[in-house]
2 protein chains.
Amino acid sequence: MLRYSQHRFPGRLITVEGIDGSGKSTQLALLHRWLAGEGYPVRFSEWNSSALVKQITSRGKKKQILTPTTFCLTHAADFADRVEHDVIPALRSGGIVLSDRYIYTAFARDVVRGVDPQWVRRVYRFAVKPTLAFYFRVPLDVALGRILGGRNALKYYEAGMDLDLSNDVEESFKIFQSKILKQYDALVKEFGLIVIDATMPIEEQQAQMRALVKDKLAGLKRIN
Amino acid sequence: MLRYSQHRFPGRLITVEGIDGSGKSTQLALLHRWLAGEGYPVRFSEWNSSALVKQITSRGKKKQILTPTTFCLTHAADFADRVEHDVIPALRSGGIVLSDRYIYTAFARDVVRGVDPQWVRRVYRFAVKPTLAFYFRVPLDVALGRILGGRNALKYYEAGMDLDLSNDVEESFKIFQSKILKQYDALVKEFGLIVIDATMPIEEQQAQMRALVKDKLAGLKRIN
């Protein structure tokens, strides 16, 4: 098993994982507000958002020409770009980096797409190990209820339509997400992710998160 | 050491490697003409040419924001795109694929850029092993004489300017190429590349190549 070594930068890296509808982004936004209010320098980093690679992943997705391997490698390039240009500089300067999704998203999704589990872990070998990695566990039907009501059409890759799971987009999405849930469960054990019960009230989840984060803030400088 | 397994497609994959100015592209073009003249279905594949990724590598290069890791991963994505959409389909249909540069280019360049040798080999784990992999060995000064006379300004990454080897582009290019030559020499042993003395007359190099290729054509269907 591959072990990512703990980083030695003065900052802190906090990541959240979970399927869509798990509420992880809401929780991270609340944590962000709290930490900023406490005077810590906080930086946000989102999956699949690097300026360098965004163009091509969105182009590849639009044309539906990405294979599992190119899907994996372009996202890895995107991730590497953010790690090296955003995450590490912020950690080096003693800041707190909050990352919405991290390498575990790739491990879950890419493996469901048929990529070799060991290979994708090796591809991401350059990643910085999070100080705290949260996983928001939620039953599939709860997540689906939160998502499918309130949003527009599901996108092709988001629904795993490239996997030929079903001709129906919503049905494909369900099967795809259930497979990802299984991967996440395995990742919890493999990487020691901190599980938060995402069916609890928002305030309670946030309180659990803050308690664990607070424990890791000792010695961190504040900006005001 | 990582071993790529021999492919089981009916076609043949022939690759050429060497530093710029080694004459490898000329040799591949001559081989192409000969094979096509013999009636074989031939397909050409060039390094760094995938429609999917080309845009971003050229954009990243123009802005000089690529790190060794993102440089490696975007080229790997480019390569994967070509392997899966061009090379494998052509091999599957019994064609001959001629590839100008292959994974060994990445192994040489990326390692000179400071990327971990084992990691880059693992990233390219999905590659198809060539039927024949030629390496055109040429002393640095011969290659430089061929190149520096006849061309326009060297490009930033091509000259390895991202490595801070020298402030002078031409000097940087020389140091960079000499480091790549050393990597190639190691790759010859590791992967059993077929060495062609690229200081010999063009016709003689081509004759050596054709003799080896001819041995691998038995059973291959012709189109006319």
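When the pairs A:Lys129/B:Lys155; A:Lys129/A:Lys182; A:Lys24/A:Lys155; A:Lys174/A:Lys214; A:Lys189/B:Lys129; A:Lys129/A:Lys221 are compared against a 28 Å limit on Cα-Cα distance, A:Lys129/B:Lys155; A:Lys174/A:Lys214; A:Lys189/B:Lys129 fall above it. Net charge dipole, region A:12-214: roughly 500 debye, given to the nearest 20, about the Cα centre with Cβ charges of +1 for Lys and Arg and -1 for Asp and Glu.
Across identical copies of the chain, B:Gln6 has label-point separations of 5.0 nm, listed in ascending order, with the point defined 7 angstrom from Cα along Cα→Cβ. Under the simplified labelling scheme, the B:Leu217-B:Gln6 pair shows an inter-label distance of 2.0 nm, with each label point 7 Å from Cα along Cα→Cβ.
Of B:Gly11, B:Gly192, B:Gly21, the residue with the greatest mean-square motion in the GNM of chain B, using alpha carbon springs below 10 Å, is B:Gly192.
Normalised by residue number, the volume inside the convex hull of the Cα atoms of the protein assembly as shown is 160 Å³ per residue.
Qualifying trypsin sites (Lys or Arg not before Pro) in region A:169-224, where qualification requires a DSSP coil assignment and no more than 12 other C-beta atoms within 10 Å, comprise A:Lys221, A:Arg222. Measuring from a point 7 Å past the Cα of B:Ile65 along Cα-to-C-beta, which residues in region A:80-103 have an amide N at less than 14 Å? Flagged as within label range: A:80-87. The stretch between B:Ser166 and B:Ser93 holds 21.5 nm of extra length on full extension. This uses 0.36 nm per residue minus the Cα-Cα distance. Taking every C-alpha pair closer than 8 Å and separated by at least 6 residues, the mean separation divided by the residue count of region A:132-224 gives a relative contact order of 37 percent. Computed log10 I(q)/I(0) for chain A at 0.12, 0.16 Å⁻¹: -0.66, -1.19, from the Debye equation with unit scatterers placed on every C-alpha and solvent omitted. Neighbour counts of C-beta atoms inside 10 Å place A:Leu212, A:Leu220 in the sequence A:Leu212, A:Leu220, starting with the fewest. Distances between copies at B:Ile65, taken between label points 7 Å from Cα along the C-beta direction, are 2.3 nm in increasing order. Across region A:12-214, the relative contact order, built from alpha-carbon pairs under 8 Å that are at least six residues apart, equals 32 percent.
How much FRET efficiency would the formula 1/(1 + (r/R0)^6) give for A:Ile147 and A:Met200, where r is the Cβ-Cβ distance and R0 is 30 Å, rounded to 0.05? Once rounded, the FRET efficiency stands at 0.95. With a simple spin-label model that places each label point 7 Å from the Cα along the Cα-to-Cβ direction, the separation between A:Asp185 and B:Lys189 comes to 5.0 nm.
Angle of helix B:103-112 to the longest C-alpha principal axis of chain B, folded into 0 to 90 degrees and rounded to 10: 10°. Here is the result for region A:74-177: no GluC sites (Glu not before Pro) lie in DSSP coil with at most 13 other C-beta atoms within 10 angstrom of their C-beta.
Tell me, what is a quarter of the convex hull surface for the C-alpha atoms of region B:107-168, in nm² with one decimal?
Its average projected convex-hull area is 6.1 nm².
Coordinate-derived values only; no laboratory data. Quick caveat: nothing in here was measured; it's all calculated off a predicted structure. Note that we place each Cβ from the backbone using ideal geometry, even for glycine, and neighbour counts take in every protein chain shown.
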